[in-house]
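In what follows, a structure is listed as structure tokens, so that the remarks can point back to it.
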Amino acid sequence: MGTINNARGTAATRALAVVDSVDMPQSIDSLMPLAAVSAFFVGNGDPVKLAKEVIRLSLYYKDNMTDGEKEQAWARFELDRDDRVRVEQREMDRQKNNTRLLLLNALAAAQVTRAVGSALAVSASRLSADKTVPVNVREFFGKEGPGIGPRVVMRTWSSKLTPLLNTRDIFANKPAGVKVCASGGRMWEHDGKVWHEGQTVVETSAGKRHITHLQRMSVPQAHYYFSGPLQDTEVAGIITGNTNYQPRTIPGYAGQISEVEGLCPALADTKHAIIQTHLLWGDTPPPRNVHEIQAKDERGRIPSDRGRILGK
């Protein structure tokens with residue numbers, strides 16, 4: 001079984017290199033301009049092509065026609081051709097407008113779903129807070145906080161959802177021979193959005209593996225996977241979109257699933273399976289010694305560089 005899993009891991013690593021090389025749009029909002037202009041390329045043809053077809057079908061005259069009759073026939077044809085082209089053009093415009101409205105309405109529905117799903121996810125995440133552990137309000141970047149970038153303030157807390165979310169990462173595909181050594185995580189909140197940072201250490205036939213999964217609690221979700229722990233400044237940078245902390249440039253980056261890809265469950269599930277197989281058995285670099293992961297420390301949290309604590 002170990003040999004088979006290791007072969008799966010190698011195949012997943014190669015597949016991931018191909019899949020992750022495709023730059024997909026990260027946000028539903030980025031699709032709005034694309035939807036607005038894409039309908040211009042939808043239609044049954046162009047006016048010149050339609051006119052040529054009309055000529056082939058409509059221009060007919062008898063051999064015994066006089067020159068005058070031919071001129072009259074040509075004049076009638078020109079009038080008919082112009083009418084036909086105008087009708088076809090109006091139909092093309094109608095199809096384009098309908099397609100544009102369909103795409104824009106679909107994206108608007110997706111944005112509404114995201115807003116409602118995010119609100120519900122934020123509420124559920126807050127309710128899942130471990131009441132025995134205080135909520136931290138923390139500052140990053142700016143002049144006072146660690147890291148590079150504009151100042152941001154974030155809330156973090158220990159969540160009762162962590163065991164469930166981490167278990168999904170490991171056992172979603174029911175892998176055999178995987179032993180969980182440690183598991184932990186916490187919620188991050190910024191600008192009305194909540195993210196979960198889950199960390200799991202497992203023992204597989206390929207050795208000990210460290211999986212970090214940063215996911216936005218919304219519908220659809222955004223996911224980032226790493227083969228080692230992250231510094232808190234890196235987590236804060238990814239969540240806030242800080243350009244100094246692009247996920248692909250962070251050591252241990254394994255893959256991501258954007259919210260646009262999340263609109264297609266089959267695609268998202270396939271990428272999840274590839275990334276998880278890669279992390280369990282594929283060729284991953286050794287994790288950085290950012291901090292030692294524990295199931296819980298004395299305060300129920302994973303120890304790390306926590307930034308400047310402003311209050312509780």
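Each residue of region 121-127 in order: what ³J(HN,Hα) in whole Hz does its phi give by Karplus 6.51 cos²θ - 1.76 cosθ + 1.60, θ = phi - 60°, with x for Gly and Pro?
My calculation for region 121-127 gives 5, 4, 4, 5, 5, 5, 5 Hz in order.
On a 30 Å Cα-Cα criterion, which of the cross-link pairs Lys96/Lys271; Lys131/Lys208; Lys131/Lys193 come out too long?
Over 30 Å apart, Cα to Cα: Lys96/Lys271; Lys131/Lys208.
Going by average Cβ neighbours within 10 Å, how do the peptides 151-164, 241-254, 270-283 rank, with the highest at the top?
Sorting 151-164, 241-254, 270-283 by mean packing, highest first, produces 270-283, 151-164, 241-254.
So, in Å, what gap is there between the alpha-carbon centers of region 241-263 and region 90-153?
Centre-to-centre (Cα) distance: 16 Å.
Along the Cα-to-Cβ line of Arg126, 7 Å from the Cα, sits a label point; which residues in region 192-218 have backbone N less than 17 Å from it?
Once the point is set 7 Å along Cα→Cβ of Arg126, 192-196, 217-218 turn out to lie under 17 Å by backbone N, inside region 192-218.
A short reminder: the numbers here are calculations on the coordinates, not readings from a lab. As the structure is a prediction and not an experimental result, all values here were calculated from the model. Ideal geometry is used to build each Cβ from the backbone, glycine not excepted, and the neighbour counts take in all protein chains shown.
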